[in-house]
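The values are calculated or read from the model by the stated rules, or taken from the named source; none is laboratory data. These numbers come from a predicted model, not from an experiment. Glycine gets a Cβ as well: all are built from the backbone with ideal geometry, and neighbour counts include every protein chain shown. Ligands, DNA and RNA are excluded from the accessible area calculation, which covers all protein heavy atoms including side chains. Shrake-Rupley method; radii C 1.70, N 1.55, O 1.52, S 1.80 Å.
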Amino acid sequence: MRYDFVKQSLSNLIDNGHLERSDSILTVCSGLPEKELFKEMDFKHVTVSGLDERMPGDAVHPYDWRIENVQNLSFGENEYDFAFVSDGLHHCDSPHKALLEMFRVSRKGVIVFESRDSFLMRMATRLKLIPDYELDAVIHN
């Protein structure tokens, strides 16, 4: 996660009245960096979720931890104000399905940061220098 960039972007959303620290946030494809970000920014209602079964539940205190596959979330429709992901969708074999799931569980919107979408990365993918989806980080973790 590009911590400073994401933090500044979230601060801008708060300053412009689009996001409030009291909003409920579901972070997907996430872990300790997201917990630290939202804690530092003083968000009150955050659920941190990912696929890492080794994560102890209390590691993200004061927030909740859930093992969740972003492509098939167990939450109900409109259960959170916002769904958030930073540099995680490119790990999915179906990023569009993950994004649709994020929209489904969100009342107000989805916040996405994805560094893999650039001209250089698209060219490297097209030239087969890198895989279409970065699954190795998930499979080997």
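Before anything else, pin down the relative contact order of the chain: Cα pairs under 8 Å, at least 6 apart, normalised by residue count, whole percent. Write out the running numbers ahead of the final one.
Numbers: 212 pairs, mean separation 29.1, N = 141.
Averaging sequence separation for qualifying contacts and normalising by length gives 21 percent for the chain.
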With θ set to phi - 60° and the Karplus curve 6.51 cos²θ - 1.76 cosθ + 1.60, what are the ³J(HN,Hα) couplings of region 46-52 in order, to the nearest whole Hz, using x for Gly and Pro?
-> 10, 10, 9, 9, x, 9, 6
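From the cross-link list 108/128; 35/108; 39/128; 35/128, which pairs have alpha carbons spaced over 31 Å apart?
Values: 108/128 38 Å; 35/108 21 Å; 39/128 39 Å; 35/128 34 Å.
108/128; 39/128; 35/128, as the Cα separations exceed 31 Å there.
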Taking Rg and Dmax of the Cα atoms in Å as the quantity of interest, determine which of (i) 14.4, 43; (ii) 15.1, 45; (iii) 15.3, 42 was computed from the displayed structure.
-> (ii)
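For the ranges 15-25, 82-92, 51-61, 36-46, what's the packing order if you count other beta-carbon atoms within 10 Å of each residue, average per peptide, and put the highest first? The partial results should precede the final answer.
On the way: 15-25: 14.2, 82-92: 23.5, 51-61: 12.5, 36-46: 16.2.
Peptide ranking by packing, descending: 82-92, 36-46, 15-25, 51-61.
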Spin-label pair residue 4/residue 54, simplified geometry with 7 Å Cα→Cβ offset, distance in nm = 3.0 nm
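Hey, what's the chain come to in accessible area per residue, 1.4 Å probe, Å²?
Working: 8150 Å² over 141 residues.
With the other protein chains kept in place, the chain gives 58 Å² per residue.
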Residues whose modelled amide H sits under 5 Å from the amide H of residue 45, counting only those 5 or more places away in sequence or on another chain, are 25
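In deg cm²/dmol, rounded to 500, what helix-only [θ] at 222 nm does the chain give when every DSSP H run of at least 4 residues adds -39500 (n - 2.57) and the total is split over its residues? Walk me through the intermediate numbers first.
Working: 5 runs with 45 residues, N = 141.
So the helix-based figure for the chain works out to -9000 deg cm²/dmol.
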Just the number, please: carbon plus sulfur as a percent of the accessible area of the chain, 1.4 Å probe, no ligands or DNA/RNA counted.
-> 52 percent
